[in-house]
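Shown next, in structure tokens, is the structure this report addresses.
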Amino acid sequence: MSRIRVRPLALGPRLSGEPTLSGFFALGSLLAHARAFRGGELAERFDLGRVTPLDLAGLRAVAADVRADAPTIYLFSSYVWNHETNVEVARQLRRLDAGALFVVGGPHPPRQEEGARAFLEASPMFDVVARAEGERTLVDLLAALADRPEDIRRADLGAVAGISFRTAEGRVVRTPDRPRLRDLAQLPSPYTGG
């Protein structure tokens, strides 16, 4: 069985010849926690990609790496200044990798029920909106997908707190909020582990 690939995409406000550091820290925090979770058990089931600021050449490399035999989860961190770029890149990648799962988080996607529903209905390229802190949400999401590499877009994500997602039937579901993490020292450093 092939490992599910997790590809964090750190994109700036526009696609140009120069990479920007937008979303770099947030995505690094997610991946550092996923790598350290339970002594690294997720790394056995998932190919946890590197967080690298991407320019046009880097995006071409991501597109060239699409493989039908390797299920992929793309992670986006959206802010007001890079959201439109994330939308466009996700739209292009969706055309190339229809079976992939597209997850967006960060401060830009709405967290309230109706806002998240409207966002997912207007943004068919995204499957999941991670609300608030994403470190624990990502490890729960990966755990829910670990045994479903053949069809990650049809997995039941209803037990993953802190997300809104589109079901295989197209219905938008909002799970309960996840309690805020009170002690950030519980999380590994994105600089040393992300």
- Query: For Arg182, which of the numbered conditions (1) closer than 28 Å to Arg38 by Cβ; (2) buried (at least 20 other Cβ atoms within 10 Å of the Cβ) fails to hold?
  - Reply: (2)
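Do you know which residues across segment 68-82 are of a type outside the set (Ser, Thr, Tyr) and open to solvent by 10 Å² or more (accessible area, probe 1.4 Å)?
Step one: of segment 68-82, the residues of a type outside the set (Ser, Thr, Tyr) are 68-71, 73, 75-76, 80-82.
Passing the criteria: Ala68, Asp69, Pro71, Val80, Trp81.
Restricting attention to segment 48-78, which residues are modelled with pLDDT of 90 or more and either at positive phi or in a loop (DSSP other than H, G, I, E, B) (or both)?
First pass over segment 48-78, keeping only residues modelled with pLDDT of 90 or more: 48-49, 71-78.
Gly49, Pro71, Ser78 - these are the residues of segment 48-78 that are modelled with pLDDT of 90 or more and either at positive phi or in a loop (DSSP other than H, G, I, E, B) (or both).
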- Collect the residues in segment 127-152 that are among the charged types (D, E, K, R) and either surrounded by fewer than 18 Cβ atoms within 10 Å (Cβ to Cβ) or under 20 Å from Phe37 (Cβ atoms) (or both), keeping them in residue-number order. Arg131, Glu133, Glu135, Arg136, Asp140, Asp147, Arg148, Glu150, Asp151
- Within segment 32-42, restricting to residues that are open to solvent by less than 40 Å² (accessible area, probe 1.4 Å) and over 13 Å from Asp140 (Cα atoms), the one that is nearest to the chain's Cα centre (by Cα) is Ala32
- Item | Residues (buried (at least 17 other Cβ atoms within 10 Å of the Cβ) and in a helix (DSSP H, G or I)) located in segment 95-126 | Ala116, Arg117, Phe119, Leu120
- Query: Taking segment 47-59 as the region of interest, how many residues are surrounded by fewer than 22 Cβ atoms within 10 Å (Cβ to Cβ) and either touching a Leu at 6+ places or on another chain (Cβ under 6 Å) or farther than 16 Å from Ala146 by Cβ (or both)?
  - Reply: 9
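The values are calculated or read from the model by the stated rules, or taken from the named source; none is laboratory data. Everything numeric here is computed off the predicted structure, so don't read it as measured data. Cβ sites come from the backbone with ideal geometry, for glycine too, and all protein chains shown count toward neighbours. The area values use the complete protein model at the heavy-atom level, side chains included, leaving out ligands, DNA and RNA. Shrake-Rupley method; radii C 1.70, N 1.55, O 1.52, S 1.80 Å.
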